[in-house]
Amino acid sequence: MSLFTRLLIALTLFIGAVAPAMAYIGPGAGLSLLGALWGLLAAIGASLLFIIVWPFRRMMRRKRQAQTAEGADHGNSDNHQS
């Protein structure tokens, strides 16, 4: 028998011999797991949203700055006739 075949048989026997733990996991552990998963999903969603929205916010900010600069140029002209 080859080494691979012996390892495969040993692994199969080992996995088959494992007995169930019969352990009780209370509702607090499940709620904690769900809360952590919800927090992780919310963080990933928020980061993706900010990455998607960031170019639009930058475009709007540049447009607003151009409009305020244009308004400042028209309002503060030195060509006043007295």
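The values are calculated or read from the model by the stated rules, or taken from the named source; none is laboratory data. All values derive from a computational prediction rather than experimental measurement.
Quick notes on this one:
- Failed criterion for Trp38 (all others in (1) modelled with pLDDT under 95; (2) assigned to a helix (DSSP H, G or I) hold): (1)
- Qualifying residue in the stretch 1-9 (condition: part of a loop (DSSP other than H, G, I, E, B) and at pLDDT 85 or above): yes
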